[in-house]
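Data block below; observations after.
The values are calculated or read from the model by the stated rules, or taken from the named source; none is laboratory data. Small disclaimer: the values here were computed from a predicted structure and weren't measured. Quick reminder, even Gly has a Cβ in these numbers, built from the backbone with ideal geometry, and neighbours come from all protein chains shown.
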2 protein chains.
Amino acid sequence: MREAFNKQLDDISEDLVQLTRRVGSAMNRATQALLDADLRLAEEVIAADAGIDEITSEIEEKCFDAIALQAPVASDLRIVIGALRIASSLERMGDLAEHVAKQARMRYPNPSIPQELRGTFAEMGGIAEAIVSQTGAVIATKDVTLATDIARHDGEMDRLHRELFRIVLSPSWKHGVESAVDVTLLSRFYERYADHAVSVTRRVVTIVTGEPYAGVSLEA
Amino acid sequence: MREAFNKQLDDISEDLVQLTRRVGSAMNRATQALLDADLRLAEEVIAADAGIDEITSEIEEKCFDAIALQAPVASDLRIVIGALRIASSLERMGDLAEHVAKQARMRYPNPSIPQELRGTFAEMGGIAEAIVSQTGAVIATKDVTLATDIARHDGEMDRLHRELFRIVLSPSWKHGVESAVDVTLLSRFYERYADHAVSVTRRVVTIVTGEPYAGVSLEA
């Protein structure tokens, strides 16, 4: 019984790590589609979201079966419920990558972002990639010391998000209202993506340590 | 055993209905704070979010206890897991109301929205109020025919969201970039609020009918 349950947990954990890779790849390619105004890549990301949703559903069913068949209590039950929520957050990260890709598609063949903000979005994309990759590592290794790095990345994303507002709202902004609206929404998608990664990390830390992790705050 | 479980479910259901009232009141007052540039009301909404988070945590603990103590399987387990997720969505709706209030606070003593969009946001606030109130009714009564109304309200919210973009991006927009960015984010908060209400409704419908409800689509 115990062995079967542990095997189920390992299986779910592996699936969650795989899901972090999928939503990481989605955001990475969405960023590329955005920077290159690459319609085909944007379409690929949009089409791939159904696969992410499917993996999420499979994980949910596995969690469901683990509870129904093994009737876990106390910390075992918290692990499975935690996994369910981690899956939801990761699915939402996939949606946010899809939103970025849709934005790239909407403005095609024009770029969605002006030249002077390319660096900012390239950096946001890089942070998104780093944060989701470390989130996968936290799930795989249960090494909660990685949470510090993840919080730092999230802080960096927030800084870029604020910096972008400063640029868009400065008197020297020359790209008009449409572009301002586009980059504001895009920036929010990246910021939310990082927030969800932090949320996943907090859940892992809570499961491992049995206590809420005070060091990672989800939203300012 | 069965009786105790049913009593727990009723209790959780009542708490969820109470939570819809709290997040409904939060969005309603946030809208008022926005329209009146009322700092005090905005601060109240922001302060009240901690209470919403607390109720959510209590519901989560009750769901957790119901699973741990009663070891439900099959549809009973799906009801409790569904309740957990409904609580998460409602908590997120509370956050979105808080975001609206923070926006009102940020621009105080100036209004966050130009005169010509007051009607749009008043309408969005009205739809938010209607949709969350009907979401509470779906949870309380399990009357899934209400889902049609909720989907209609969500469609109306999406229409207002698109209409707002049309106004902001038209050549006659005279309020500059900052105001465009503000109202874009605000409009997205209302749109997401309605999306979460639809998501809650879908979960109730799935629990009641045992099948995903195809009539309510979460996002276009």
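Pairs linking a residue in the stretch A:169-193 that is facing chain B (nearest Cβ under 8 Å) to a residue that is small (Gly, Ala, Ser), with Cβ atoms under 7 Å and 6 or more positions apart or on different chains, are A:Trp173/A:Ala180; A:Val177/B:Ala180; A:Ala180/B:Ala180; A:Val181/B:Ala180. Of A:Val208, A:Val198, A:Val204, all but one fail to be in contact with a Leu (Cβ under 6 Å, 6 or more places away or on another chain) and more than 10 Å from chain B (Cβ to nearest Cβ); the exception is A:Val198. Scanning the stretch B:184-196 for any residue that is surrounded by fewer than 14 Cβ atoms within 10 Å (Cβ to Cβ) and not in a loop (DSSP other than H, G, I, E, B) turns up nothing. For the stretch B:47-63, state whether one or more residues are assigned to a helix (DSSP H, G or I), at pLDDT below 95 and within 14 Å of chain A (Cβ to nearest Cβ). Checked against the condition, which is being assigned to a helix (DSSP H, G or I), at pLDDT below 95 and within 14 Å of chain A (Cβ to nearest Cβ), the stretch B:47-63 yields no hits at all.
Please work out if A:Thr184 is closer than 30 Å to A:Ser75 by Cα and out of contact with any strand residue (DSSP E or B) (no Cβ under 8 Å at 6 or more places or on another chain).
Here the answer is no, as A:Thr184 does not meet what is asked.
Counting only residues that are more than 10 Å from chain A (Cβ to nearest Cβ) and either touching a His at 6+ places or on another chain (Cβ under 6 Å) or not hydroxyl-bearing (Ser, Thr, Tyr) (or both), the stretch B:66-88 holds 6 of them. Being buried (at least 20 other Cβ atoms within 10 Å of the Cβ) and within 15 Å of the chain's Cα centre (by Cα) is the filter here, so list the residues in the stretch B:23-47 that pass it. Answer for the stretch B:23-47, where residues must be buried (at least 20 other Cβ atoms within 10 Å of the Cβ) and within 15 Å of the chain's Cα centre (by Cα): B:Val23, B:Gly24, B:Ala26, B:Met27, B:Arg29, B:Ala30, B:Thr31, B:Val45.
Can you confirm whether the stretch A:88-97 contains a residue that is loosely packed, with under 15 Cβ neighbours inside 10 Å and farther than 20 Å from B:Thr184 by Cβ?
Step one: of the stretch A:88-97, the residues loosely packed, with under 15 Cβ neighbours inside 10 Å are none.
Among the residues of the stretch A:88-97, not one is loosely packed, with under 15 Cβ neighbours inside 10 Å and farther than 20 Å from B:Thr184 by Cβ, which makes the answer no.
Among the residues of the stretch A:1-30, write down those that are of a type in the set (S, T, N, Q) and within 19 Å of A:Thr135 (Cα to Cα). Show your work before the answer.
Here is the first cut: in the stretch A:1-30, the ones of a type in the set (S, T, N, Q) are A:6, A:8, A:13, A:18, A:20, A:25, A:28.
Result: A:Ser13, A:Gln18, A:Thr20, A:Ser25, A:Asn28.
Note on the stretch A:23-63: residues that are in contact (Cβ under 8 Å) with a residue 60 or more places away in the chain, under 20 Å from A:Ala197 (Cα atoms) and charged (D, E, K, R) total 1. Within the stretch B:89-115, being within 12 Å of chain A (Cβ to nearest Cβ) and under 19 Å from B:Ser13 (Cα atoms) holds for B:Ser89, B:Glu91, B:Arg92. No other residue among B:Ile113, B:Ile79, B:Ile127 is over 18 Å from the mean Cα position of the chain (by Cα) and part of a helix (DSSP H, G or I) apart from B:Ile79.
Is it the case that B:Val132 is over 16 Å from the mean Cα position of the chain (by Cα), within 25 Å of B:Glu91 (Cα to Cα) and among the aliphatic types (A, V, I, L, M)? Before the answer, list the steps.
Values: over 16 Å from the mean Cα position of the chain (by Cα): no; within 25 Å of B:Glu91 (Cα to Cα): yes; among the aliphatic types (A, V, I, L, M): yes.
Answer is no for this residue.
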